[in-house]
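Everything on this sheet refers to the single structure shown next.
The values are calculated or read from the model by the stated rules, or taken from the named source; none is laboratory data. Everything numeric in this text was worked out from a predicted model, so none of it was measured. We place every Cβ from the backbone using ideal geometry, glycine too, and count neighbours over all the protein chains shown. What goes into the accessible areas is simple: the full protein's heavy atoms, side chains included, and nothing from ligands, DNA or RNA. Shrake-Rupley method; radii C 1.70, N 1.55, O 1.52, S 1.80 Å.
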Amino acid sequence: MTEQSLKKAKLIELKEDLTSELSGGKSIDVQFNPDTLKVTYANQVVQPEGGNQAAGTSGRQFVGAGTTKLALTLWFDVTAMTENAVDDVRRLTKDVIHFMTPKASEQDSTKLAPPGTRFSWGSFIFDGMVEGLEESLEFFSPEGKPLRASITLTLSQQKILVSTFEGSGAVSRAGARPFASAKQGDSVQSMAATSG
């Protein structure tokens, strides 16, 4: 039996138009995988000027392509580091804050825009821009340096993202198939050979 390693979630810098990874851009593995991913889908709907409130949904209009948002919490703890340990958790979280920091736009260098960001964890991939980030610093050293932090991250994409999957997704598990009845004269070996 081969040992399977734990897949780490990543943040990867994308081009501003979210089409591909940015050459030379930042890519980081998170220290601890999140325990929950919250995906929210929303359409852009407005009540027309002078519209009839009593008309209900017929009085509203769809005006945009909709949005998809991803919310998650990332945890950091310098006391849990076994390699390349640091003295202040903000030395780790600054790498996440990079994905929120505006820089010169690729289309117009006189304007600022946050970088495109990909959150990737196994088969889950979300491309968007960091809309919000909240950092909580916890567990301080005697010198007053924070040793643990949590970052609540919200990414958004200006369209409804639909997951795509390869294959049928069918999973076969031991014991999921009903047992075959033994016939008179069958041995365990012959039944095993028949079943494969």
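Numbers below:
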{"item": "In the range 9-29, residue surrounded by the fewest Cβ atoms within 10 Å (Cβ to Cβ) [restricted to those that are touching a Phe, Trp or Tyr at 6+ places or on another chain (Cβ under 8 Å) and assigned to a loop (DSSP other than H, G, I, E, B)]", "result": "LYS26"}
{"item": "Candidates LEU74, LEU133, filtered to the one that is touching a Leu at 6+ places or on another chain (Cβ under 6 Å) and under 26 Å from GLU21 (Cα atoms)", "result": "LEU133"}
{"item": "Filtered residues of the range 114-123 (kept if farther than 15 Å from PHE32 by Cβ and surrounded by 13 or more Cβ atoms within 10 Å (Cβ to Cβ))", "result": "PRO114, PRO115, GLY116, THR117, ARG118, SER120"}
{"item": "Restricting the range 30-42 to residues that are of a type in the set (S, T, N, Q) and touching a residue at least 60 places away in the same chain (Cβ under 8 Å), the residue that is surrounded by the fewest Cβ atoms within 10 Å (Cβ to Cβ)", "result": "ASN33"}
{"item": "Residues of the range 151-196 satisfying the condition of being modelled with pLDDT under 80, open to solvent by less than 60 Å² (accessible area, probe 1.4 Å) and within 30 Å of ALA65 (Cβ to Cβ)", "result": "LEU161"}
{"item": "Candidates LEU133, LEU155, filtered to the one that is touching a residue at least 40 places away in the same chain (Cβ under 8 Å) and either more than 28 Å from TYR41 (Cα to Cα) or not hydroxyl-bearing (Ser, Thr, Tyr) (or both)", "result": "LEU155"}
{"item": "Residue check, ASP127 part of a loop (DSSP other than H, G, I, E, B), of a type in the set (D, E, K, R) and out of contact with any helix residue (DSSP H, G or I) (no Cβ under 6 Å at 6 or more places or on another chain)", "result": "no"}
{"item": "Count of residues meeting criterion [open to solvent by less than 50 Å² (accessible area, probe 1.4 Å) and either over 23 Å from GLY144 (Cβ atoms) or at pLDDT 95 or above (or both)] in the range 78-87", "result": "0"}
{"item": "PHE119 modelled with pLDDT of 90 or more, closer than 30 Å to GLY167 by Cα and of a type outside the set (D, E, K, R)", "result": "yes"}
